[in-house]
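Chemist: This is the structure I have questions about; it appears just below.
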Amino acid sequence: TKKIPILDESGTPQYLLGISEDITERKKAEESIRKLTLAIEQSPVSIVITDVQGTIEFVNSAFTQITGYTSEEAIGRNPRILKSGETPAAEYGRLWQTISAGGVWQGEFRNRKKSGELFWEQATIAPVRDAADTITHYVAVKADITERKKLEEHLRQVQKMEAIGQLAGGIAHDFNNILSAITGYTELSKAILQPGSEPFEYLSQVMEASGRAKELI
């Protein structure tokens with residue numbers, strides 16, 4: 001509301017003119033922006049906004065917590081500052097081809113923090129359009145999935161060991177069956193030979209070797 005005094009010929013205020021403007025919608029818009037800003041800043045996932053060339057224009061607090069780069073260090077630079085060299089170049093090509101055509105790209109990155117530590121990120125990157133439906137920016141929402149990757153790798157190793165154990169158990173079972181045949185026929189052969197004879201002693205060595213093989217299995 002604005003109040004304007006109306007003066008007479010001598011300059012003395014005679015009336016007060018009041019002008020009011022309904023700013024309800026503006027206040028609602030300001031409150032909506034305030035809530036959105038708080039939500040982005042307090043989000044547990046990393047949020048990055050770039051222009052159409054890929055230059056960073058905004059990062060939230062989670063980005064700094066995860067990568068080690070402050071907003072001042074990141075703004076004006078390209079997200080390639082996080083590249084570790086372990087994500088195939090072809091994947092970046094597919095990414096840009098998708099988002100520049102107006103699509104949404106989802107995938108994983110093996111990135112590098114400011115400290116040099118490697119970490120895994122799961123990302124969703126989408127274009128932002130203006131009222132004329134022209135792409136003006138890109139927004140990336142990324143989550144640190146390093147711990148999940150470690151658990152997945154541990155599970156894979158456990159599964160490998162279980163498979164090796166099953167294979168070894170099967171081999172041991174079959175080999176024991178073979179040894180049983182060897183020792184069985186050796187015992188039968190010794191039974192028809194004269195103890196102390198040369199063939200008898202040879203078969204005794206076979207039995208001894210079979211016993212060691214069984215212990216090894």
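The values are calculated or read from the model by the stated rules, or taken from the named source; none is laboratory data. Model, not experiment: these values are computed from the prediction. Counting neighbours? That spans all protein chains shown, and the Cβs are built from the backbone with ideal geometry, glycine included. These area figures cover heavy atoms from the full protein model, side chains too; ligands, DNA and RNA do not enter into them. Shrake-Rupley method; radii C 1.70, N 1.55, O 1.52, S 1.80 Å.
Chemist: Which one of ALA168, ALA126, ALA131 is closer than 30 Å to LYS113 by Cα and of a type outside the set (S, T, N, Q)?
Modeler: ALA126
Chemist: Would it be correct to say that LEU38 is under 22 Å from ALA126 (Cα atoms) and either acidic (Asp, Glu) or over 21 Å from the mean Cα position of the chain (by Cα) (or both)?
Modeler: yes
Chemist: Report yes if THR98 is surrounded by 12 or more Cβ atoms within 10 Å (Cβ to Cβ), part of a helix (DSSP H, G or I) and among the polar types (S, T, N, Q), otherwise no.
Modeler: Judged against the criteria, THR98 is a match.
Chemist: If we scan the range 20-32, do we find a residue that is touching a residue at least 40 places away in the same chain (Cβ under 8 Å) and not charged (D, E, K, R)?
Modeler: no
Chemist: Which of the helices (runs of 4 or more DSSP H) contained wholly in the range 1-91 include at least 3 residues that are over 27 Å from LYS114 (Cβ atoms)?
Modeler: 24-41
Chemist: Could you check the range 192-217 and list, in sequence order, the residues that are of a type in the set (Val, Ile, Thr) and in contact with a helix residue (DSSP H, G or I) (Cβ under 7 Å, 6 or more places away or on another chain)?
Modeler: VAL206, ILE217
Chemist: What number of residues within the range 101-121 are of a type in the set (S, T, N, Q) and not in a strand (DSSP E or B)?
Modeler: Residues flagged as of a type in the set (S, T, N, Q) and not in a strand (DSSP E or B) within the range 101-121 amount to 1.
Chemist: Another question, if that's okay. Could you list, in sequence order, all residues of the range 158-197 that are open to solvent by 90 Å² or more (accessible area, probe 1.4 Å), of a type outside the set (A, V, I, L, M, F, W, C) and within 37 Å of the chain's Cα centre (by Cα)?
Modeler: Correct list: GLN159, LYS160, GLU162, GLN166.
Chemist: Inspect the range 122-141 for any residue being in a strand (DSSP E or B), open to solvent by less than 50 Å² (accessible area, probe 1.4 Å) and over 14 Å from ILE49 (Cα atoms) and give the result as yes or no.
Modeler: No - not one qualifying residue is present in the range 122-141.
Chemist: Return yes when ALA172 is touching a residue at least 40 places away in the same chain (Cβ under 8 Å), more than 30 Å from SER46 (Cβ to Cβ) and assigned to a helix (DSSP H, G or I) and no when it is not.
Modeler: Yes; evaluated as a whole, the condition is true for this residue.
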